[in-house]
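The values are calculated or read from the model by the stated rules, or taken from the named source; none is laboratory data. What you see is a predicted model, and the numbers here were worked out from it, not measured in a lab. Neighbour counts are summed over all protein chains in view; Cβ atoms, including those assigned to glycine, are modelled from backbone coordinates with ideal geometry.
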Amino acid sequence: MTHRPGILAVAEGERTYDLYCRSSQSIASRLLVKAIDPFFRGMNGHFDGLSPDSNCLTGWAYQRHRQACSIWLQCEGLSARRVPWELYRQDLLDAGIPPHCGFCFSLHEWPEVRGRQVYASFDREGDLPLPSLGLVQID
């Protein structure tokens, strides 16, 4: 017997509802399995977008119970780029987030991205995007 993963919503602590994905069950199952994989569990972060001078892509990320986690910049038609994320940010410390988890990726290191949209993810494939305000257009 094969069991498929699923998501159950609890409303007001009493009633439960099965949630269904409108896309392909195989895709939804793959994403759910990936999202609950222990390797990705406890990851937190935010893709802030372009720096004020428009020279860098910025954000922050960390993983509870582990020192390191990978962040990947994604752009359609280009290979994902791994981002180092060890910059100190006082604003993170003030918010109760580990302060040495910021990143600032220079656009000079990725000139092919000009004229395209970018987002950041926790995984190389781009299935687990960081929270953000949306795709960032690089001009």
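Numerical summary
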| read-out | value |
| --- | --- |
| Qualifying residue in region 39-47 (condition: at pLDDT 85 or above, under 18 Å from residue 137 (Cα atoms) and among the polar types (S, T, N, Q)) | no |
| Enumeration of residues in region 98-124 that are exposed (fewer than 13 other Cβ atoms within 10 Å of the Cβ) and either under 12 Å from the mean Cα position of the chain (by Cα) or of a type in the set (Gly, Ala, Ser) (or both) | 106, 115 |
| Index of the failed condition, residue 83 passing every other in (1) modelled with pLDDT of 90 or more; (2) not assigned by TED's automatic domain parsing to the domain that holds residue 113 | (2) |
| Residue ID - nearest to the chain's Cα centre (by Cα), chosen from residues in region 41-56 that are part of a loop (DSSP other than H, G, I, E, B) and either crowded, with 19+ Cβ neighbours inside 10 Å or of a type in the set (Gly, Ala, Ser) (or both) | 42 |
| Odd one out for residue 97 among (1) closer than 14 Å to residue 47 by Cβ; (2) at pLDDT below 95 | (1) |
| Residues located in region 57-104, provided they are within 24 Å of residue 117 (Cα to Cα) and among the small types (Gly, Ala, Ser) | 59, 61, 70, 77, 79, 80, 102 |
| Output for region 89-108, where each listed residue is without any contact (Cβ under 8 Å) to a residue 24 or more places away in the chain and at negative phi | 90, 91, 93, 94, 95, 99, 100 |
| Residues that are in contact with a Leu (Cβ under 7 Å, 6 or more places away or on another chain) and surrounded by fewer than 18 Cβ atoms within 10 Å (Cβ to Cβ), drawn from region 57-82 | 80 |
